[in-house]
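Step one of this worksheet: look at the structure below.
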Amino acid sequence: MSPRLGTVHREPALLVLADGSVFEGEAFGAVPDDGISTGEAVFNTVLSGYQEVITDPSYAGQVIAFTYPHIGNYGVNPTDDEATRPHCSGVIVRDLADAPSNWRSTGSLEEFLAAHGVSGITGIDTRRLTRHLRDHGSVPCAFGTASESVLLAAARSAVPTDGRDLVSTVTTPAMFTRGSGPYRVVAYDFGIKEAMVRQLGDLATVTVVPASTPADAVLDLGPDGIFLSNGPGDPAALPGIISEVRRLVDHGTVPIFGICLGHQLLASALGATTYKLPFGHHGGNHPVKRLSTGRVEITSQNHNYAVAADSLGATEVTHVNLNDGVIEGLWSTDLPAFSVQYHPEAGPGPHDARYLFEEFRMLMDANGGPSGADANGGPSGADANGGPDGQVR
C-alpha cells in the first residue's frame, strides 16, 4: 500500500485499468455499496484549480487523475464551481489533503465529493499512472474497494467515450438568461462552464438554451451572436446537433463563436471530420501559437477529440498546438464564424486568450452591432467578413 500522510483512516482500494494494470490506494469521497466506480481514465496537469476541473461538465464519463501530487489543500467553495455538480466519474490523486487551509474555503474536497456522490482514490502512484496513459492512451478503468478480479471485469466492460452522446446528460433542461451586456447572445449549452457564462455576460444578455434547441428557435430569439459551448464526449456521436449548427452556418447572417466541443461541432458543420487523440489534452499549460501574430499563448485545455487537418474546406487555421501540431483554432473564410479548441475563459487560468471574447464582440459589431445597429460596423470598424484581430480574411 502506498504510504500517506495524516491520520484519517480510509479503506484500502485498488485502481485497475482495462489492460490489467493495477494500482494500490485508499478510497475517499462517496464509496459505492458494491465498491466499484468506472469511467475512462485521463490525466490533468493543472497545478491549481482542481475544483474547477472536477466541476467542468466536459469530464462526464471520465475519471480524472491529477498529476500534481497534493490535491485538496485549499478546500472548496461555491464560487469556484463551474456547474451545479460534478459530472465526472471519479477522481484519482496522489496525496489528498485532510486539513485544507484557505480563507475562501467552506469545506474539504472529500466532503464535497461525498455530498455529490463522486468516488475517489488516493495514495495512487500518479507518476506511474500518467506515464502509462501517456504511452498506451486513455483506457476504461474501475476503482474501489471490490476485489481485483471484480474490478478488472468492471474495467473491461466499462464503456469508453467513443461514440457516446454525453451532452444530453449535462445540458440544461430549460432555457435561462444571464448577463447584462448590450448585445444579445444565444449560447448552446453542451456542458457550458460558469466562467464562459460570466465572460459572455460582460458583453451581452445571454440566453442559454438546451443542446437540442433547433436552429430556427435560436434565430427566432433575434441574437447578435451565437455561442457554441464546451461539452463532453465524441462530436461524431452528435449528428442531430451538427445538423442544426449547419443550418445556423448556412443561414450566414449571425456571427458564431465556438469553444472546445463547440469548435469541433462548428468544424463538422463546415465539412471537417474529427478523431480521438491518444490521451487528450487536459491541463493548464499547453502552448498554442497564434498564427496571425506569431505569439505563443499558454492555454487551458480539456478535450479528447480534435479536428482533422486534412478534412478542412473553406476554413483557415488560426491557432496550432506547439506540443503536437493539433489544430487549436479555425476561421471560416466565407462566413462570420470562428472557434478555438482550447479554453479562453480558463477558470482558474491562464488568461492569455481572453481577447477572443473581445474579438467575438468585434465580429458582432461588424455584423450590425447590438440588436441591429449600423450594419457597416460598430466601434471596432471591422469589416463584416473580418476575421480575428479585425483582419479581412
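Placing +1 on the Cβ of every Lys and Arg and -1 on the Cβ of every Asp and Glu, with no other charges, gives region 167-390 a dipole of roughly 400 debye about its Cα centre. The helix-based estimate of mean residue ellipticity at 222 nm for the chain, built from -39,500 (n - 2.57) per DSSP H run of four or more residues and divided by its residue count, is -6000 deg cm²/dmol to the nearest 500.
Taking the longest Cα principal axis of the chain as reference, the axis of helix 355-366 is set at about 30 degrees. For region 12-157, the equivalent ellipsoid built from the Cα gyration tensor has semi-axes of 24, 15, 14 Å, listed from largest to smallest. Evaluated with a Cβ-only charge set (Lys, Arg +1; Asp, Glu -1), the chain carries a dipole of roughly 380 debye about its Cα centre, given to the nearest 20. Helix 194-203 axis versus longest C-alpha principal axis of the chain: approximately 20°, rounded to the nearest ten. Among THR207, THR273, THR315, a tally of other beta-carbon atoms within 10 Å of each Cβ gives an order, fewest to most, of THR273, THR207, THR315. When the charge dipole of region 12-157 is built from unit charges on Cβ atoms (+1 for Lys and Arg, -1 for Asp and Glu) and taken about the Cα centre, the candidate among GLY35, VAL139, SER119 whose Cα reaches farthest toward its positive end is VAL139. The separation of region 70-117 from region 309-340, counted between C-alpha centres, amounts to 36 Å. Per-residue Karplus couplings for region 260-269, computed as 6.51 cos²θ - 1.76 cosθ + 1.60 with θ equal to phi - 60°, are listed in order as 6, 4, x, 5, 5, 5, 5, 4, 5, 5 Hz, Gly and Pro entered as x.
Of all DSSP beta bridges confined to region 12-157, the antiparallel ones make up roughly 60%.
For the chain, the longest principal axis of the C-alpha atoms and the axis of helix 239-251 are separated by about 20°.
By the count of other C-beta atoms within 10 Å, a proxy for reagent exposure, MET175, MET362, MET196 are ordered fewest to most as MET175, MET362, MET196.
Overall form of region 297-366: oblate. Here a/c, set by the Cα gyration tensor axes a ≥ b ≥ c, is 1.5 or more, and a/b is not larger than b/c.
Read-outs: derived from the displayed coordinates by stated rules, not from any lab. Model, not experiment: these values are computed from the prediction. With ideal geometry, Cβ positions are generated from the backbone for all residues, glycine too; neighbour counts draw on all protein chains shown.
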